[in-house]
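The values are calculated or read from the model by the stated rules, or taken from the named source; none is laboratory data. Remember, it's a predicted structure, so these values are computed and weren't measured experimentally. Virtual Cβ from ideal backbone geometry, glycine too; neighbours counted across all protein chains shown.
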Amino acid sequence: MIQEIVAGFSMGCIYALAGFGFVLVYNAVGAVNFAHGELVMFGGYFGYAFSTHLGIPLWLAFATSLLAMAILGILFNQVAYLPIRNRPVSTVIIASIGMSILLRNSALAIWGPDPLKLNSFLGDGAINIGGIVFLRHQLLIFAVTAFVFTGQSLFFSRTAIGRKLQATAQDQEAAKLMGIKVTRMINLTFILAALLATIAGFLVAPLWFLDPEVGLAIIVKAFIAIVIGGFGSIPGLVVGGIFLGLTEVLVASHLTSEYKDVISFFILITVLMVMPQGFFGEKIAEKV
Amino acid sequence: MNNFFKNLSHFALVLCLFFIFATTGLAEVKVGVISSQTSSLAILGQRQINAAILAAEEWNEKGGINGTKIRLIIEDSADKTTTAVTALDRVLGKNVCAILGPIYSFQLFAMFPEVKKEKIPMLSTSGTRKLTQMDNRWYFRTYPHDGITKRAYTLYAVEELKSKKPALMSVTTEYGKSGHEIITNILKAKGIAPVAETWHEKADKDMTGQLMRVKRSDPDIIISQAHPSDTAIILKQQRDLGINVPHMASSAASMPSVHKLVGEAMEGVYVETVTLPNFDPDPNIRAWTKKYIEKFKKKPDSFALLYYDTANFLFEAIKSVGPDRTKIRDWLETTRYKGLAGQYKFDQEHNGAFFAIIVQYHIKDGKAVPELKKKYDFTPN
């Protein structure tokens, strides 16, 4: 049972990390970016390209990927969000779906359909503690998840730029009146989301492998984690991700693997029926 | 003067019709190729398209079929049935005389009603058993079906590796379900019941749950059938979780791209496959593999080699009877063909290949190298 909990916990951390950039963009500009999975995928692909084709060390490939993804984040904003941000929500969603298709097919054209593996910073080895196997890469996932989610809390509450981003997220008009350059903050949000996608990509790729469809698989699971955690809630995202990861692994191991997804989704629907706003979602008070 | 213009316009019309007829009808033998060029399924599909292109180019370099060049009409079936059916419509719209179809059975099943209605010969290298049990006289299979390959690797597990407690891990696609049924029936006939049976989705990225269930059942072998990515995840996680029993994997584990993902965990893995184009000592296959790699900058797999044979088999049919759909079908039904990978001869159900091999992989200098363990030939008398 403990082995399954370790695996479920690690999957949950991946879902949470992959969903973080999505939540960040949603909270900051109210946009639902369905192409975020493809950004995670591109983060991994850049890492693969720099470390394998250029032959540079993995840490340098990571730094270069962060830079490349920051540029991609700006481009994404300039092409698929800023020009249409005042249009109806459905237009923004459709633009993000369009970007998802564009990025997926670009990956197929550049790297081909074969699954590719990005090496882990800690290698392929495992540590056996009392019969429980911990992959070194799983330990890295746990550490990075703890670091990222603690760091974000400090970043948004303790730094000037973090507070400006929060102000922009809460009320763009008021932020503008306070002298905050809103367009710059939106650009920064997309850059941060792309950087988070790179981190997630480097953690996903050694376990899930990279192929042009992996972004879609990531965003579906991350989206479920976001919904059951409470849309927009960052603690909810972590709890929702871990809940989903544990449910999937434990159901497959102890109940049925054939109907694993059916039972997992049934449990998730039940949770949402009992708590429609998710674990940490804000209750919306009825206006009289 | 009026007559002059009238005659001129008639002449121009005849000239136009001649050119249209000449460029679209007589000058080429048109053959459809439907396979996955995009989506995750392109891992197999692109290699098959490459194989068809290679075969057609070789024929065209020698002057084509009876002096007429071959033109492949290539359409993408991606990973959906709707895309596959649309691709079929497009290919049929170009008036092809036969089609080289996709490998994926769920797409073939969706295309069958139109294939039968249009009476067009379709050949493909799919393994799903039921494809040739659908009473479709226009479909021809040029890959050993699951009844052959699954029989080979189940028999090897039971008779050669002396397994008494196998655990089965299957993917929930038609391929996995069909294979699972065949394996359990063979085991039942041998008086053996699997100690665990697990299922996974093709897109699943973690198999810890399934593997822990297998581990608790204390098997003496794992028999798995899966597609490339999930095969790699199963093999890697089995090693990570310390489940030290032999593994008999389906043909996806013979693909070079899977070996790159699995790495050291390929050591000792048994795999059922049909050919080994990258390791075969046959000089003709070696030459073909070299040519393929030079042209496409990728290693071929067994599916690509059999697709190449399939394309050549079809071109031979067109050479013998012309681009007539019914005559092509009748010729295929009655003719034996010797390809690079082996002999092809269609039975009543239109199954054309009956050979399989079992190999065991060993890691040498960081690369997975196969060792031939046993050849099976179930060709009916």
Give me the pairs: first residue in region A:132-154 and assigned to a strand (DSSP E or B), second residue among the β-branched types (Val, Ile, Thr), beta-carbon distance under 6 Å, and six or more apart or on different chains, which are they?
-> A:132/A:2; A:134/A:127
Could you check region A:177-288 for helices (runs of 4 or more DSSP H) lying wholly inside it with 3 or more residues that are touching a residue at least 60 places away in the same chain (Cβ under 8 Å) and buried (at least 20 other Cβ atoms within 10 Å of the Cβ)?
-> A:182-208, A:214-229, A:234-250
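Assess whether residue B:228 counts as being more than 14 Å from chain A (Cβ to nearest Cβ), within 23 Å of residue A:260 (Cβ to Cβ) and buried (at least 17 other Cβ atoms within 10 Å of the Cβ).
Values: more than 14 Å from chain A (Cβ to nearest Cβ): no; within 23 Å of residue A:260 (Cβ to Cβ): yes; buried (at least 17 other Cβ atoms within 10 Å of the Cβ): yes.
Judged against the criteria, residue B:228 is not a match.
Give region B:303-335 a look and list any residue that's more than 20 Å from residue B:71 (Cβ to Cβ) and either surrounded by fewer than 23 Cβ atoms within 10 Å (Cβ to Cβ) or basic (Lys, Arg) (or both), or say none.
The initial filter retains those residues of region B:303-335 that are more than 20 Å from residue B:71 (Cβ to Cβ), namely B:303-306, B:309, B:326, B:329-335.
B:326, B:329, B:330, B:331, B:333, B:334, B:335, listed by residue number.
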Evaluate region B:252-267: report whether one residue or more is assigned to a loop (DSSP other than H, G, I, E, B) and in the same structural domain as residue B:240 (by TED's automatic domain parsing).
-> yes
In region A:29-44, what residues are of a type in the set (Gly, Ala, Ser), in a loop (DSSP other than H, G, I, E, B) and more than 11 Å from the chain's Cα centre (by Cα)?
-> A:30, A:31
Given the conditions (1) surrounded by fewer than 24 Cβ atoms within 10 Å (Cβ to Cβ); (2) over 19 Å from residue A:71 (Cα atoms); (3) more than 12 Å from chain B (Cβ to nearest Cβ), every one holds for residue A:17 apart from (1)
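Going through B:90, B:151, B:129 one at a time, which residue ends up being over 21 Å from residue B:323 (Cα atoms), of a type in the set (D, E, K, R) and surrounded by fewer than 21 Cβ atoms within 10 Å (Cβ to Cβ)? Give the derivation first.
On the way: B:90 fails: over 21 Å from residue B:323 (Cα atoms); B:129 fails: surrounded by fewer than 21 Cβ atoms within 10 Å (Cβ to Cβ).
Just one listed residue meets the conditions, B:151.
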When region B:121-165 is checked residue by residue, the ones that are within 19 Å of residue B:310 (Cβ to Cβ) and polar (S, T, N, Q) are B:124, B:125, B:126, B:128, B:132, B:136, B:142, B:149
When region A:112-125 is checked residue by residue, the ones that are in contact with a strand residue (DSSP E or B) (Cβ under 9 Å, 6 or more places away or on another chain) and surrounded by fewer than 17 Cβ atoms within 10 Å (Cβ to Cβ) are A:122, A:125
Selection over region B:85-132 where residues are touching a residue at least 12 places away in the same chain (Cβ under 8 Å) and assigned to a helix (DSSP H, G or I) yields a count of 23
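Restricting region B:345-360 to residues that are touching an Asp or Glu at 6+ places or on another chain (Cβ under 7 Å) and part of a strand (DSSP E or B), which is nearest to residue B:156 (Cα to Cα)? If you could, list the steps in order and put the result at the bottom.
So the first thing to find is which residues in region B:345-360 are touching an Asp or Glu at 6+ places or on another chain (Cβ under 7 Å), and the list is B:346, B:354-356, B:358-360.
Of the ones still in play, those that are also part of a strand (DSSP E or B) are B:355-356, B:358-360.
Details: B:355: 14, B:356: 11, B:358: 8, B:359: 10, B:360: 12 Å.
Once the filter is applied, the top-ranked residue is B:358.
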